[in-house]
């Protein structure tokens, strides 16, 4: 996915935020299925008018620009901000900036993230602990976790993240007969039907 990109490239002072966008974030979003248009799309550098800044009686228009706004069915569901590799994605200033994009009246989404190439960190606006925090070298091996938080179906319905795999379906695929009896380690018995609607 990253065209043989190695994490040591992030130590190169010439590898800046624009490189993070092009070589790290863009491939992630493409693999997740986000395109510039359509029902699952990403908008880059969307200008947001700040509604609150006023000095005395004079308005001072201030524009804020999140790097990526992810839409599913025309609803903004996630903002992702790119940073240079030498920037700390967990610094208060950067977190507050990304948070301000998420809660902006033109966006109003519950989740946001930051990526500096070295790390990807995702948050919910209602909690302080990250939903996900991965280092670049772990992106591929933890791709299912990235999907769980950024793929369109999970952004649209976050409750799906908590669903356990279908145990009955797994047993069916392993060749178990329907209506078998399984005894669990804690010595209780469960009747399981391996019937599947399809």
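Points to keep in mind about this one:
- Qualifying residue in segment 10-22 (condition: assigned to a helix (DSSP H, G or I), more than 20 Å from the chain's Cα centre (by Cα) and modelled with pLDDT of 80 or more): yes
- Within segment 1-18, the set of residues being under 15 Å from residue 120 (Cα atoms) and in contact with a helix residue (DSSP H, G or I) (Cβ under 8 Å, 6 or more places away or on another chain) comprises 2, 7, 10.
- Looking at segment 90-198, the helices (runs of 4 or more DSSP H) lying wholly inside it that each contain 2 or more residues that are closer than 25 Å to residue 32 by Cα and either modelled with pLDDT under 95 or touching a helix residue (DSSP H, G or I) at 6+ places or on another chain (Cβ under 8 Å) (or both) sit at 92-103, 143-150, 152-156.
- Odd one out for residue 65 among (1) modelled with pLDDT under 95; (2) touching a strand residue (DSSP E or B) at 6+ places or on another chain (Cβ under 6 Å); (3) farther than 24 Å from residue 128 by Cβ: (2)
- The C-beta contact set for segment 81-94 (first residue assigned by TED's automatic domain parsing to the domain that holds residue 25 and buried (at least 22 other Cβ atoms within 10 Å of the Cβ), second residue modelled with pLDDT under 95 and in a loop (DSSP other than H, G, I, E, B), distance under 8 angstrom, 6+ apart or interchain) comprises 81/66; 81/67; 82/67.
- Condition met for residue 60 (exposed (fewer than 14 other Cβ atoms within 10 Å of the Cβ), modelled with pLDDT under 90 and over 25 Å from residue 9 (Cβ atoms)): yes
- Looking only at segment 34-48, and only at residues there that are surrounded by fewer than 15 Cβ atoms within 10 Å (Cβ to Cβ) and touching a strand residue (DSSP E or B) at 6+ places or on another chain (Cβ under 6 Å), the one that is modelled with the highest pLDDT: 35
The values are calculated or read from the model by the stated rules, or taken from the named source; none is laboratory data. Treat the numbers as computed from the prediction; the structure is a model and nothing was measured. Glycine also receives a Cβ, built like all others from the backbone with ideal geometry; neighbour counts cover every protein chain displayed.
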